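Asker: Handing you this structure, nothing more for now.
The values are calculated or read from the model by the stated rules, or taken from the named source; none is laboratory data. Everything quoted here is computed from the prediction, not taken from an experiment. Glycine also receives a Cβ, built like all others from the backbone with ideal geometry; neighbour counts cover every protein chain displayed. Protein only, heavy atoms only, side chains kept; ligands, DNA and RNA dropped before computing areas. Shrake-Rupley method; radii C 1.70, N 1.55, O 1.52, S 1.80 Å.
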Amino acid sequence: MALDRGSKTFFHGREKEKKQFRLFLNRLIKDKSRTSFLIQGSPGVGKTTLWEHCCDLAEKQGWNIVVIDISTLYNIKDFRNRLGREPFWKFWRKEKLGFNPSMTHPEVGTVGLGMELEINHHTFIKTLNAIKKPTIMVLDEAQNLNQDNITKAQKRVIVEVLDNIHNQKRKSKTSVVLLFSGLGRTREILKDYGISRFATSSVIHLQAIDKVSERKIIYDWLVQEGHVNKNDPHLKHWIEKISEQTYQWPRHIASHGIHAVNYLEEHGSKLTHGGLKMVLQEGENSRFEYYKSRMDGFSHSEVESIVDFLKTQKDNESFSNRDIIPFFEKTLSTEKSEDLFQKSWHSGIFHQRDDMKYSISVPSMKDWFIQHFGNKK
C-alpha cells in the first residue's frame with residue numbers, strides 16, 4: 001500500500017465513474033475496437049485508486065491488464081515483453097541508423113561495431129494486431145509526456161502507436177484500450193501527440209468524492225486498518241471530526257487515516273479524546289504541507305498574483321482562462337500571464353471541471369493560500 005493513499009479495499013463511491021467505464025468496456029467488447037480512455041484530475045483526487053479499481057473489475061470480466069511506462073511506447077522490446085510477446089527483429093526501408101560500439105538506440109538497445117540496422121517501427125502495430133485477449137494498457141502520470149527528455153525520434157514512434165490505438169487505423173481482432181491517467185492538463189498535452197479529441201464517454205474529470213463515501217473510507221481506515229471495535233461508542237465521533245478536515249478529498253482522507261492507524265497501533269486501538277486531538281493536528285499539518293507543495297517552483301511575484309486572484313473569487317466559484325489571464329496581466333506580461341495560468345493548472349492549484357471551466361482544486365486550499373501568503377509583500 002502506498003504511504004500517501006489508501007488501500008484499494010478502502011474504496012467507496014465513484015458510482016457514476018465506474019458505470020461510465022463499465023459501459024465503455026462493454027461497447028468495445030461488442031465492437032472489437034481499439035481506442036483510448038482518459039482519467040484526469042488534480043493531485044490527490046484519487047485517479048490511481050480509481051483506475052486500479054476499474055481494472056480489477058475489468059480483469060474479472062476477462063480483460064488482460066498491462067501497466068506501461070512512457071518508454072514502453074517507443075521501446076519495442078519492452079512493448080512486446082509487457083504484452084507477453086516473444087521478441088523478434090524486423091527490418092524496414094524508411095530509416096537507416098549507423099552505430100558505434102557505445103551507441104544505444106531507444107528501441108533496440110546497444111549494438112555492435114559496424115552494424116547498420118533498418119528499424120521497423122511497424123513492429124509496434126504488428127504486436128498490437130497480434131493481441132488475442134481484450135487488453136487494457138494503463139499509462140499512469142500521463143502528463144509526463146510533456147517532458148523535455150523525450151526525443152523527436154521517440155516522440156515520432158509514440159505518435160504512431162497512439163494514432164493506431166486511438167484512431168484505429170485498421171480493424172482490430174480484439175478490443176484494446178489505452179487508459180491514460182494524469183493531471184488536469186493531460187488532455188491538452190495529448191493533442192501534441194495527435195489525439196485531438198475524445199468521445200464524451202471516454203473522459204473522466206475526477207473531482208472530490210461524496211460525503212457518504214468519505215465517511216465509509218474513514219470507517220475502513222479505523223476499523224479494518226486500525227482494528228478499532230466497530231461497536232466502540234467513540235467511533236462515530238472520530239469519523240465526524242476527521243471528515244470535517246478532509247473535505248471529501250481522497251489525499252486528505254488517506255493522510256488522516258495513516259496518522260490515525262499509527263496512533264491506534266501504539267495505543268491498543270483505543271479511541272480517546274487525546275488521541276483524536278493528536279490525529280487531527282497531525283492530519284492538519286499534512287494537509288498544509290500538501291497545500292504548500294502546490295506552490296513549489298513559483299516565484300514570489302507569481303504567488304502574489306495567484307493569491308490576489310483567489311481573493312476575488314467566492315467559494316466554489318468557477319472561472320475561465322479568459323477571467324484569470326487578464327487579471328494576471330495587471331502585473332505581468334501577456335506571455336508570463338499565460339505561462340502562470342498553465343503552471344498553476346499543471347501544479348494542481350486549479351482544477352478543470354466537467355463544464356471545461358476551472359476552480360481551485362480543494363476549497364480549503366484557497367483559504368490557506370490567502371491566510372498564509374495574502375499579507376506577505
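Asker: Considering every residue within segment 217-230, establish whether at least one is touching a helix residue (DSSP H, G or I) at 6+ places or on another chain (Cβ under 9 Å) and within 26 Å of K343 (Cα to Cα).
Answerer: Within segment 217-230, not a single residue is touching a helix residue (DSSP H, G or I) at 6+ places or on another chain (Cβ under 9 Å) and within 26 Å of K343 (Cα to Cα).
Asker: Are any residues in segment 276-285 polar (S, T, N, Q) and crowded, with 18+ Cβ neighbours inside 10 Å, and if so, which ones?
Answerer: None - no residue of segment 276-285 is polar (S, T, N, Q) and crowded, with 18+ Cβ neighbours inside 10 Å, so the list stays empty.
Asker: Can you report the number of residues in segment 337-349 which are at pLDDT 90 or above and more than 12 Å from F298 (Cα to Cα)?
Answerer: Number satisfying all stated conditions: 2.
Asker: Can you tell me how many residues within segment 288-320 are closer than 25 Å to K357 by Cβ and either assigned to a helix (DSSP H, G or I) or over 23 Å from the mean Cα position of the chain (by Cα) (or both)?
Answerer: 18
Asker: Checking the conditions here, which among D355, D339 is free of Cβ contacts under 8 Å to residues at least 60 places away in the same chain, assigned to a helix (DSSP H, G or I) and either open to solvent by 30 Å² or more (accessible area, probe 1.4 Å) or touching a Lys or Arg at 6+ places or on another chain (Cβ under 9 Å) (or both)?
Answerer: D339
Asker: Filter segment 238-271 down to the residues that are polar (S, T, N, Q), under 13 Å from L222 (Cβ atoms) and open to solvent by 50 Å² or more (accessible area, probe 1.4 Å) and list them by number.
Answerer: Of everything in segment 238-271, just one residue is polar (S, T, N, Q), under 13 Å from L222 (Cβ atoms) and open to solvent by 50 Å² or more (accessible area, probe 1.4 Å), namely N262.
Asker: Restricting segment 132-148 to residues that are open to solvent by 10 Å² or more (accessible area, probe 1.4 Å) and out of contact with any Gly (no Cβ under 9 Å at 6 or more places or on another chain), which is nearest to H53 (Cα to Cα)?
Answerer: K132
Asker: Please note which helices (runs of 4 or more DSSP H) are completely contained in segment 131-249 and include at least 1 residues that are of a type in the set (F, W, Y).
Answerer: 211-220, 235-246
Asker: Do you know which residues across segment 216-237 are within 26 Å of G41 (Cβ to Cβ) and open to solvent by 70 Å² or more (accessible area, probe 1.4 Å)?
Answerer: Of everything in segment 216-237, those that are within 26 Å of G41 (Cβ to Cβ) and open to solvent by 70 Å² or more (accessible area, probe 1.4 Å) turn out to be K216, Y219, Q224.
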